[in-house]
Amino acid sequence: MSRPATVMMPPAPNREDIGATWEYLQAGISKIMINLQDGMDMGTYMGIYTAVHNFCTSQKAVGLSQTGSGAAHRGAHLLGEDLYKKLIDYLNGHLADLLEQSKAHAEEALLTFYIREWDRYTTAAKYIHHLFRYLNRHWVKREMDEGKKGTHDVYTLHLVQWRTQLFEKVSEKVMSAVLMLVEKQRNGETIEHGQIKQVVDSFVSLGLDEHDSSKSTLDVYRYHFERPFLEATSEFYAAESTQFVAENSVVEYMKKAESRLNEEEERVRMYLHQDIATPLKKACNKALIADHSTLLRDEFQILLDNNREDDMKRMYNLLNRIPDGLDPLRQKFETHVRNAGLAAVSKVASDAEKLEPKVYVDALLGVHTQYQGLVKRAFNDEPEFTRSLDNACREFVNRNEICKAGSNRSPELLAKYTDVLLRKSGSGVEESDLDAVLTQIMTVFKYIEDKDVFQKFYSRMLARRLVHSTSTSDDAETSMISKLKEACGFEYTNKLQRMFQDIQISKDLNQGFKDHSKQLSEKQPLDSTYSILGTSFWPLAPPNTTFNPPAEVQDDLNRFTRFYKNKHDGRKLTWLWQLCKGEVKTGYCKSQKTPYTLQVSVYQMAILLLFNDKDVHSYEDIASITQLAPEALDGALGILVKAKVLLQKPDSAKPGAGQTYHLNYDFKNKKIRINLNIGTKSEAKQEEVETNKTIEEDRKLVLQSAIVRIMKARKKMKYNVLVGETISQIKGRFVPKVGDIKKCIEILLDKEYLERLDDDELGYLA
Amino acid sequence: MSHDQRMRFFMFEQRGPSPFYASGASAGSAPTVSRESSLLKQFESLRVTKVSKDAQDEKDKIGPDNTMKYLETVGVNLEDASMFIVLEIVKAETIGEIKKDGFVSGWADAGVDGNIATQKKHVLNSVAKLSRDKDFFKKVAKHAFVAGKEPDQRALALDNAILYWTMLFAPPGRPWVGKQTGIDFFPLWTQYLREKWPRTVSRDMWNQTLLFAEKSSEDESLSFWDEEASWPNVIDDFVAWFKDQRPQDGAMEVDQSA
């Protein structure tokens, strides 16, 4: 060390002797600066303080740097400046000394040296700042008040001098030592990171606001520390990652990158300034992720194919860190899910005609469930990924191999599966699980574009369940209707709800009718139930045959009709004979003591009851008494003959004129109750065809009424806006074609509901 | 108190425009009143003229024979577009009949007295204007639909529509001909309709055809047409059909020049 071990204080100077006073002060400053650790007595401290005061207030400032005696009258002002300059000279000398010494050190030793001297220097600066309080309060304050730049309070002066005289000359070397240390740590060595933290603090302290010394800025730190640090980091990871991916799999690389990113975050917390967190993250993201993003994305398909959920999650987290990093992933994901859906459908589509609704719906659901799970677990349940999933599902639900045969197949099969679930003895699904399965149905339903088709099939099947009382439970029916209502609104389920209500109301009505019959104390030979169905709510048509009900039930029918008319005057009732049914007991069978109960349609009943009078009837007689049209009559007879309740003579394939029917006294069956009221397959097929046929016609009406509704509300509208608005109103039901909308607008123009105005605008005509 | 005092009397007051006080450019001024009375007088003179014993005109109407005669008197050629000029002025709702209201208020609005010579002069000027003024042409042609269709029907039979278009799209009307190449659209339009349009012509189709004729005459490349725009289907299909025909036209032109 070139510096003296101790500094001897000269005797206290005469207050008039400026030269001696400065000598005294300099010795004091040196003592503080160099060996403060030896302590300082109160006398010296006070002596220095007084000397500063004396120096500044001395009237006989002679022999100093001031030129001419004419300056003397400026007194303390000028003397303060002298003292300030002398202090600067002293500091510069000290710092030049340190700069010389620093040259002997390198790397870690340089860091140790820098930190030690920094500590010593700043500690001394605090003391000297206090001792020079008089200067600060008067001369410095005045200079600053006058707006003189480059004049600082004594402590700040120390920092400024450190920066200009030492820091700017050594900072690069110090920084390279820091970076070397960090690189060592990144390579797995243990380092003493406290040193780096101190260097950081020192760099930060040197950031002084030129305009307001009470504030600090990070400019110095950013330029001298952050900038090189980030450069080194980018370089390091560029090199490391390039080498790593060349030697390892992408999956391994992702793990490596992940741990590196965590490390860097930890580094900021441990010993870096918080200010670097964001740019450091950005630099790492670029070097570790963005520069390899193509490689990562190329791997995504492989991960999807092998269902590597953890790796996909890792990839998601990595690519999520860079801007637009996930878009290509979402696209790939969407395509993948769509293909998976199409493949699942193809697998079950081998025999499209016989396809079980459940098998089809399960195939759709399976894919959705799988990838929804993936989105949840690997992609953070992110809305964008959910949207990709939804897009993919909508595609494969509405356009797949099964739908090729007819675009209505998806909603039709879904409605049929719902029917299976809601019908008694249909599915084998426990009632407690039913609601969960219905919720799954709704998952598929949400993707169905042709919701109107689903509605058609659903309402037909609901009608059948209600008419034949084959619903599993009222609760399940209501639950399903409210689910549909939630998804599509009141209008969508209005008719379904009314159908359901009709049946409930009919129950009460029947109770009333029974009470009424009892009051009349009439004998009631018939155990009858009547259902009143609102014409406009039910997808049912009146019977396409005439019918003369058997005398045995006619009384009851008349009584009920009177009862109902009395209650609701003016309502028109039409019998839906084709839906009516009943039970008859056989009292004639030779082989059986307990009579058989035959469950029959009302047509079959009318035929059978004829045999109470006679054992043989001709086809023509039956036709004329029952008044049934051949089609209905042949169907009813056919089943009775097939079940051998009646015997047809001469025996031939089909009922018809010229044949006679004989009651079969030898009728035998294993069961006591026999259901003969069965529809034929061709009838079911027929119904399906009809349902599909009405869809196109209905859509035109729906479109027209939507257009009229919009125009009624808006009165005037641009053609294109009207088309757009119509699409958005309708698309919840089905996806309308622009051409169809155009045709409907033309129809409305021709019907003069609308008129053309200027400039492609349409007007509403009330 | 007599019972009468409780009674209240109601009378209709006609507030709408009466034929005697028709709205118009010079409504309310004395000359208008005299113009209308002159028109009324003229109308009655046209009406009572007996052509034969059977053809007695109804009240307030001029029947077919007298209408035709009148049209010829004011200088109209019954076989060209000029006929529709007068039918439009007098607001005829069918070709063979003129009603009093329409006759009086129509000529009054046009600022013309009940005088054959003045009316003839007005018609002559209008005929000259027909091919020059596209808005005037459209007004006349639009009314042709109103006058041309059967009163109880909404639409025009295709044959009639083509007949009236033939009159309108020929001098002194506005031929439907491209400005640059001189392509004659109208025969193509009729050919297309006869082949592909087995239906009637609605008011909208009629009006849109006029608009399409106007635009395609100015821009025969049909660049103004846009599938997304509100042109009726029949015009969309015509454009597609027309574009299919174009290459052939081009080939023929090359043949001619070769």
Unmet criterion (only one of (1) surrounded by fewer than 23 Cβ atoms within 10 Å (Cβ to Cβ); (2) touching a residue at least 40 places away in the same chain (Cβ under 8 Å)) for A:Thr418: (1)
Unique match (being exposed (fewer than 14 other Cβ atoms within 10 Å of the Cβ) and of a type in the set (Ser, Thr, Tyr)) among A:Thr369, A:Thr386: A:Thr369
Residues that are open to solvent by 20 Å² or more (accessible area, probe 1.4 Å), away from chain A (no Cβ under 14 Å) and either of a type in the set (Val, Ile, Thr) or within 22 Å of B:Val201 (Cα to Cα) (or both), drawn from the range B:218-249: B:Trp241
Members of the range A:318-341 that are under 22 Å from A:Leu280 (Cβ atoms), surrounded by fewer than 20 Cβ atoms within 10 Å (Cβ to Cβ) and among the hydrophobic types (A, V, I, L, M, F, W, C): A:Ile322
Hey, A:Gln604 within 60 Å of the chain's Cα centre (by Cα) and modelled with pLDDT of 90 or more or not: yes
Helices (runs of 4 or more DSSP H) wholly inside the range A:122-241 that include at least 2 residues being within 18 Å of A:Ala277 (Cβ to Cβ): A:168-186, A:193-205
Strands (runs of 3 or more DSSP E) within the range A:665-766 that include 3 or more residues on the phi < 0 side of the Ramachandran plot and more than 11 Å from every other protein chain (Cβ to nearest Cβ): A:673-675
Residue in the range A:579-587 that is more than 60 Å from the chain's Cα centre (by Cα) and small (Gly, Ala, Ser) present: yes
Helices (runs of 4 or more DSSP H) enclosed by the range B:117-231 - at least 3 residues per element that are of a type in the set (A, V, I, L, M, F, W, C) and more than 14 Å from the chain's Cα centre (by Cα): B:185-196, B:203-218
Every residue from the range A:262-272 that is surrounded by 18 or more Cβ atoms within 10 Å (Cβ to Cβ) and more than 16 Å from A:Leu181 (Cβ to Cβ): none
First in the range A:557-572 and within 12 Å of A:Leu509 (Cα to Cα), second anywhere and in a helix (DSSP H, G or I), Cβ under 7 Å, 6 or more apart: A:Phe560/A:Phe513; A:Phe563/A:Phe513; A:Phe563/A:His516
Members of the range A:24-39 found to be surrounded by 15 or more Cβ atoms within 10 Å (Cβ to Cβ) and either without any contact (Cβ under 8 Å) to a residue 12 or more places away in the chain or over 19 Å from A:Arg120 (Cβ atoms) (or both), listed by number: A:Tyr24, A:Leu25
Subset of the range A:108-122 [open to solvent by less than 70 Å² (accessible area, probe 1.4 Å) and within 15 Å of A:Asp97 (Cβ to Cβ)]: A:Phe113, A:Tyr114, A:Glu117, A:Trp118, A:Arg120, A:Tyr121
Matching residues, the range B:206-217, being closer than 24 Å to A:Leu748 by Cα and either away from chain A (no Cβ under 13 Å) or touching a Ser or Thr at 6+ places or on another chain (Cβ under 6 Å) (or both): B:Ala213
Test: residue in the range B:190-205 that is more than 14 Å from every other protein chain (Cβ to nearest Cβ), surrounded by 15 or more Cβ atoms within 10 Å (Cβ to Cβ) and out of contact with any helix residue (DSSP H, G or I) (no Cβ under 7 Å at 6 or more places or on another chain): no
Some residue of the range B:145-165 being in contact (Cβ under 8 Å) with a residue 12 or more places away in the chain, open to solvent by less than 60 Å² (accessible area, probe 1.4 Å), over 22 Å from B:Lys91 (Cβ atoms) and within 14 Å of chain A (Cβ to nearest Cβ): no
Matching entry among A:Ser536, A:Ser473, A:Ser521 (being at pLDDT below 90 and under 26 Å from A:Val437 (Cβ atoms)): A:Ser473
A:Thr597 being touching a residue at least 60 places away in the same chain (Cβ under 8 Å), farther than 30 Å from A:Pro539 by Cα and in contact with a Lys or Arg (Cβ under 6 Å, 6 or more places away or on another chain): yes
Elements of type strands (runs of 3 or more DSSP E) contained in the range A:550-650, each with 2 or more residues being among the hydroxyl-bearing types (Ser, Thr, Tyr) and closer than 28 Å to A:Lys670 by Cβ: A:597-601
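The values are calculated or read from the model by the stated rules, or taken from the named source; none is laboratory data. It should be emphasised that the depicted structure is a prediction, and the values quoted were computed from it without experimental measurement. Because the Cβ atoms are built from the backbone with ideal geometry, glycine has one as well, and the counts that use them run over all protein chains shown. Remember, those area values only see protein heavy atoms, side chains included, never the ligands or the DNA or RNA. Shrake-Rupley method; radii C 1.70, N 1.55, O 1.52, S 1.80 Å.
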